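Participant: For reference, the structure I am asking about is given below.
The values are calculated or read from the model by the stated rules, or taken from the named source; none is laboratory data. Every value quoted in this text rests on a predicted model; they were computed, and no experiment measured them. Here Cβ is always computed from backbone atoms with ideal geometry, including for glycine, and neighbour counts include all displayed protein chains. Heads up: the accessible areas ignore ligands, DNA and RNA and are worked out on the full protein's heavy atoms, side chains in. Shrake-Rupley method; radii C 1.70, N 1.55, O 1.52, S 1.80 Å.
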Amino acid sequence: MLAVVTGASSGIGFELARIFGEEGYDLVVCAEQGIIDAATELSRTGVRVRPVQADLSTYDGVEQLVAAVEGTPDAVVLNAGVGVGGPFAETDLERELAMIDLNAKHVVHLTKRLLPRMLERGEGRLLYTASIASTMPAPFEAVYGATKAFVLMFAEGIRNELNDSGITVTAFMPGPTATNFFARADMLDTKAGQEKHQDDPKVVARQAFDAMVAGDDAVVTGSFFTRMQGRLNELLPETVKAAAHRRLSEPGSADG
């Protein structure tokens, strides 16, 4: 068996790759930085691990990864992503456009390349990393939230297209998780970034993997609180959800 995992150098992506390895999947793992060290660690699960160092926010980077995938993968995990925090009028345009390319464009590109192989064989699993932010307006990370809403809707759309194809499609939505996400997004001065009880990436990854194996549609992963937030977001009006998100993501809110 073979699994392809993007964004596998750390955090949820690394933990997902580790679980796949422990379940006996050979791995093709990709990230822009740190993937060689991650592959060394992952090889301790006893499976073959092929690291691909590539910038998946670029067309050539995705094509580089596709070329490294020999044959047909049994599972593809489209996890690579970053955030950019701050007031939209002040955040850097180039960073946000690169984020759109990574969070959304790479998802479409890689799926387009690998899904036909899986369809030809008639089986496979696709696992997409969305976010709890995909279920609400996301002030002070408005572009990030929009990219994750795109991922969720894209996964839901192709899931319907792939009914009875043998291909399962699962999207999972983690909440604030103890990774380097907030540091990279310049959000360490926010309540979300300073939350002491962020979810454990090992737990999030296990829940996502189990949902994929079960063939689930879209699941909120993490703690009881995160999962209840997901349930509430199905009921609350957008204005209320936006105000709640603002309290967590507004710069300087950690001091409030």
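Participant: Just check segment 200-256 against the gyration tensor rule for me: Cα atoms, a ≥ b ≥ c as the square roots of the eigenvalues, rounded for a/c under 1.5, and otherwise prolate or oblate depending on whether a/b exceeds b/c.
Facilitator: Oblate, because a/c is 1.5 or more while a/b does not exceed b/c.
Participant: Determine the shape class of segment 52-168: with a ≥ b ≥ c the square roots of the Cα gyration tensor eigenvalues, call it rounded for a/c under 1.5, and otherwise prolate if a/b is greater than b/c, oblate otherwise.
Facilitator: Here segment 52-168 falls in the oblate category.
Participant: Additional query: Which of 235, 162, 56 moves the most in a Gaussian network model of the chain with Cα springs under 10 Å?
Facilitator: Taking springs between Cα atoms under 10 Å, the residue moving most is 235.
Participant: Compute the orientation-averaged projected area for segment 109-256 from the convex hull of its Cα atoms and round it to one decimal in nm².
Facilitator: For the Cα atoms of segment 109-256, the hull's average projected area reads 9.2 nm².
Participant: R0 = 25 Å: FRET efficiency of residue 153 with residue 216, Cβ-based, nearest 0.05?
Facilitator: Values: r = 17 Å, r/R0 = 0.67.
About 0.90, to the nearest 0.05.
Participant: Still on this model: I want to check the label-to-label distance for residue 108 and residue 90. Put each point 7 Å from Cα in the C-beta direction and report it in nm to one decimal.
Facilitator: Roughly 3.2 nm, to one decimal.
Participant: With a length cut of 20 Å (Cα positions projected on each helix's long axis) and a Kyte-Doolittle mean of at least -1.0, go through the chain and give me the DSSP H helices that pass. Each step should come with its number before you reach the end.
Facilitator: Working: long enough: 106-121 (23 Å, -0.26); 142-161 (29 Å, 0.48).
Within the chain the helices that satisfy the rule are 106-121, 142-161.
Participant: Give me the Kirkwood hydrodynamic radius of the chain in Å, from all C-alpha pairs, to one decimal place?
Facilitator: When all Cα pairs of the chain are included, the Kirkwood radius is 18.2 Å.
Participant: Would you calculate a helix-derived [θ] at 222 nm for the chain, using -39,500 (n - 2.57) for each DSSP H run of n ≥ 4 and dividing by the full residue count, to the nearest 500?
Facilitator: Taken over the chain, the calculation gives -14000 deg cm²/dmol.
Participant: To the nearest 10 square angstrom, what accessible area does residue 182 show with a 1.4 Å probe?
Facilitator: 20
Participant: Next question. Taking GluC sites (Glu not before Pro) that fall in a DSSP loop and have at most 16 other Cβ atoms within 10 Å as cut points, what is the longest piece of the chain between them?
Facilitator: Free of exposed loop sites, the longest segment is 124-194.
Participant: Another one. Check residue 28: other-chain or 5+ apart residues with amide H under 5 Å from its amide H, H built from backbone geometry?
Facilitator: The answer is 3, 4, 5, 50.
Participant: Compute and list, largest first, the equivalent-ellipsoid semi-axes of segment 118-193 from the alpha carbon gyration tensor, each √(5λ) rounded to a whole angstrom. Could the numbers behind the result be given before it?
Facilitator: Details: eigenvalues 189, 32, 13 Å².
The three semi-axes for segment 118-193 are 31, 13, 8 Å.
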